[in-house]
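A short reminder: the numbers here are calculations on the coordinates, not readings from a lab. Computed from a predicted model, the values in this text were never measured in an experiment. As a convention, Cβ positions derive from the backbone with ideal geometry for all residues, glycine included, and neighbour counts pool all protein chains shown.
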Amino acid sequence: MKALTVKQPWAWAIIFGGKDVENRTTLRRYRGELAIHAGARMHDFREMPRGVHAPEEAELVLSAIIGIVELIDCVESSRSKWFEGPFGLVLAKPRALKTPVPCKGALGLWNVPPEVESLVRRRMR
């Protein structure tokens, strides 16, 4: 299973807030199932798009896989309110885990260790 580390609150927005595009600086060829890992640090909080209300900072999980999505495309433009570019990973079918699975993240797309993947699969809703 591949994973992507995303700082909070953006990891939350992908799984719970309807964020259908994750902005990146490089194109990705990978397509398929992708674990969303909430990074160890928070991103400087910017306002969410209209109609999206993130939880309080203290309620956001860090350093854990919080859900699974499908990575269906990588684009250079999009009408999504989440797209800022230069590239966007187009995400679909977000599924939250029953409880987050703590683990270390990494830069770029990374492989989830087998023992962590086993826990992730058992915690799928």
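At a glance:
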item	result
Unit charges on C-beta of K, R, D, E only; dipole of the stretch 6-99, Debye	240 debye
Global geometry of the chain, whether rounded, prolate or oblate, following the gyration tensor of its Cα atoms and the 1.5 cut on a/c	oblate
Likely footprinting exposure, Leu89, Leu109, Leu71, fewest C-beta neighbours within 10 Å first	Leu109, Leu71, Leu89
Neighbour-count order for Met1, Met42, fewest beta carbons within 10 angstrom listed first	Met42, Met1
The stretch 2-122 - share of DSSP beta bridges that are antiparallel (%, nearest 5)	80 percent
Listed peptides 97-104, 77-84 by packing density, highest first (mean Cβ within 10 Å)	97-104, 77-84
Relative contact order (%) - criterion: Cα under 8 Å, at least six apart; region: the stretch 1-105	36 percent
Virtual spin-label span in nm between Asn23 and Glu57, 7 Å along Cα→Cβ	2.0 nm
